[in-house]
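Have a look at the structure below before the remarks.
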Amino acid sequence: METLRISPYTESFIHVHPAIGQIRSFFDERNVPLEEADLFYYFHESTGWKTDSGTPIFDWKTLAKQWIGNLGY
């Protein structure tokens, strides 16, 4: 689970970063080298899992699909 609701009565959320194991599994299921999974993970770790504009990344799987697509897989 990447996002946790703090309270069912509010719109407050806590952003939970994905573990490297989750990302490696995601890439492995798509037959993408684990080195690419590591590059993806450490790149986004270095940005604090935020976009260029500073918005937190909540849907890392969509970004991973784009990353994989850019690689030609």
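Every number here is computed from the coordinates shown, using simple stated rules; none is lab data. Since we're looking at a predicted model, the values are computed, not measured. Positions of Cβ are generated from backbone atoms using ideal geometry, with glycine treated the same way; all protein chains shown enter the neighbour counts.
Label positions at Ile20 and Leu71, each projected 7 Å from the Cα along the C-beta direction, are separated by 1.6 nm. Tell me, what is the FRET efficiency for Leu34 and Thr62 to the nearest 0.05, using R0 = 30 angstrom and their Cβ-Cβ distance as r? It comes to 0.90.
A compact globular protein would have a Cα radius of gyration near 2.2 N^0.38 Å; the ratio found for the range 19-71 is 1.06.
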